[in-house]
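Report on the following structure.
The values are calculated or read from the model by the stated rules, or taken from the named source; none is laboratory data. All values reported here derive from a predicted model rather than from experimental measurement. As a convention, Cβ positions derive from the backbone with ideal geometry for all residues, glycine included, and neighbour counts pool all protein chains shown. Surface areas here come from the heavy atoms of the whole protein model, side chains and all, with no ligands, DNA or RNA. Shrake-Rupley method; radii C 1.70, N 1.55, O 1.52, S 1.80 Å.
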Amino acid sequence: MPSDFKILPSILAADAGKIIEEARTVDIPEIEYLHIDVMDGHFVPNLTMGPQIVSSLKKHTRFKLDVHLMITNASEMIPVFVDAGADIITIHQEAVKHLDREINQIKDLGIKAGVSLNPATHSDSLRWIISDVDLILVMSVNPGFGGQKYIPAMSDKLAMVARMKQEYEANFILEVDGGIDIQTAFTAYRNGARYFVAGSAIFSHQNRIQAIHDIINSIEKQKSDGKTTFRV
Ligand code: DX5
Ligand code: ZN
């Protein structure tokens with residue numbers, strides 16, 4: 001059982017025709033959260049799941065739900081996703097007008113609030129919300145689709161955000177999303193990521209439990225090989 005990191009299967013990569021059964025294929029003690037990608041066809045060029053899927057997953061599985069909103073009208077939709085059963089809602093810095101207000105809107109509704117940055121978005125503005133936010137999500141692909149390749153420069157961004165966390169003695173979780181697999185997970189880990197969203201690296205395999213264990217073991221093995229890691 002991993003002690004200092006979590007894998008969050010991204011349901012986007014599952015078979016949409018049987019989403020509850022798919023979610024149950026990753027029902028092992030190591031998995032606490034499912035990651036749910038909500039896309040609106042405006043902020044990103046794709047349309048995916050809405051609150052109905054969130055409430056179905058809440059009702060029919062035991063997982064906590066990490067809801068990643070890639071939508072422009074987050075403020076209107078936040079209460080809807082909270083009612084549907086989200087445990088974390090992450091909004092995009094690029095998609096909202098009043099980031100601080102919307103972080104507080106999420107927290108006032110009693111759940112965890114995250115902020116996500118696209119690959120080309122600078123991390124500087126995080127300084128002003130760093131003590132309020134529960135999670136920072138560094139996108140390691142351009143949002144919109146599963147199955148893309150991890151952008152190597154995002155390791156530097158993770159390290160930069162991890163350094164800010166130390167500097168400001170902040171408590172947020174550092175999450176990474178996009179192209180995470182047995183090759184890239186440890187690179188993200190050593191640069192400070194502790195929540196790893198993984199879609200195709202899990203759901204494209206017949207044996208999902210083995211695929212999850214392979215990612216966990218790829219991190220644990222390299223940790224025990226003594227490779228330097230960021231202390232967060
Ligand atoms: C991309 C989504 C990701 C996606 C990750 O916009 O935010 O959560 O599901 O998929 P993989 O792990 O296949 O890159
Ligand atoms: Zn996502």
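Reducing the stretch 3-28 and the stretch 110-154 to their Cα centroids gives an inter-centroid distance of 21 Å.
Want the number for Lys59 to Asp156: 0.36 nm per residue separation, take away the alpha-carbon distance, what's left?
Roughly 31.0 nm would be gained on extension.
Computed on the Cα trace of the chain, the radius of gyration divided by the Kirkwood hydrodynamic radius gives Rg/Rh = 0.93. Backbone amide hydrogens, once placed in the peptide plane, bring Lys6 within less than 5 Å of Tyr195, Phe196, excluding anything fewer than 5 places away on its chain.
Only beta bridges with both residues in the chain are counted; by DSSP, about 5 percent of them are antiparallel. In order along the stretch 16-27, the Karplus-derived 3J(HN,Hα) couplings, from 6.51 cos²θ - 1.76 cosθ + 1.60 at θ = phi - 60°, round to 5, x, 8, 5, 5, 4, 4, 4, 5, 6, 10, 7 Hz, and Gly and Pro are given as x. Based on protein heavy atoms only, the stretch 6-224 ends up with 43 Å² per residue of surface accessible to a 1.4 Å probe. Here the Karplus curve 6.51 cos²θ - 1.76 cosθ + 1.60, taken at θ = phi - 60°, turns the phi angles of the stretch 114-127 into couplings of x, 10, 10, 10, 5, x, 8, 8, 6, 8, 3, 5, 4, 3 Hz, with x standing for Gly and Pro.
As a length-normalised measure over Cα pairs under 8 Å and 6 or more apart, the relative contact order of the stretch 113-199 settles at 31 percent. Between the listed residues Pro51, Gln206, Ile20, the Cα displaced farthest toward the positive end of the dipole of the chain, a dipole computed from Cβ unit charges relative to the Cα centre, is found at Gln206. Qualifying trypsin sites (Lys or Arg not before Pro) in the stretch 55-85, where qualification requires a DSSP coil assignment and no more than 12 other C-beta atoms within 10 Å, comprise Arg62. Per-residue 3J(HN,Hα) values for the stretch 64-73, derived from phi via the Karplus relation 6.51 cos²θ - 1.76 cosθ + 1.60 with θ = phi - 60°, read 6, 10, 9, 9, 9, 8, 9, 9, 8, 9 Hz in sequence order (x marks Gly and Pro). Note: relative contact order over the chain, using C-alpha pairs below 8 Å and six or more positions apart, is 18 percent.
Taking 7 Å steps out from each Cα toward its Cβ at Gln148 and Asp4 produces label points 3.0 nm apart.
Under 5 Å from the amide H of Gly192 lie the amide H atoms of Phe230, each residue being 5 or more positions distant or on a separate chain, with H modelled from the backbone and absent for Pro and chain starts.
Counting protein heavy atoms only, the stretch 6-224 has 49 percent of its accessible area on carbon and sulfur, 1.4 angstrom probe.
For Asn104 and Asp214, a Förster radius of 45 Å and the Cβ-Cβ distance give a FRET efficiency of 0.70, rounded to the nearest 0.05. Listed by chain and number, the lysines whose alpha-carbon sits under 17 Å from that of Lys64, ignoring those within fewer than 8 places in the same chain, are Lys6, Lys107, Lys112. Rounded to the nearest 20, the Cβ-based charge dipole of the stretch 6-224 about its Cα centre (Lys and Arg +1, Asp and Glu -1) stands at 360 debye. Counting charges near Asn46 (Lys, Arg +1; Asp, Glu -1) among other residues having Cβ under 12 Å from its Cβ returns a value of -2.
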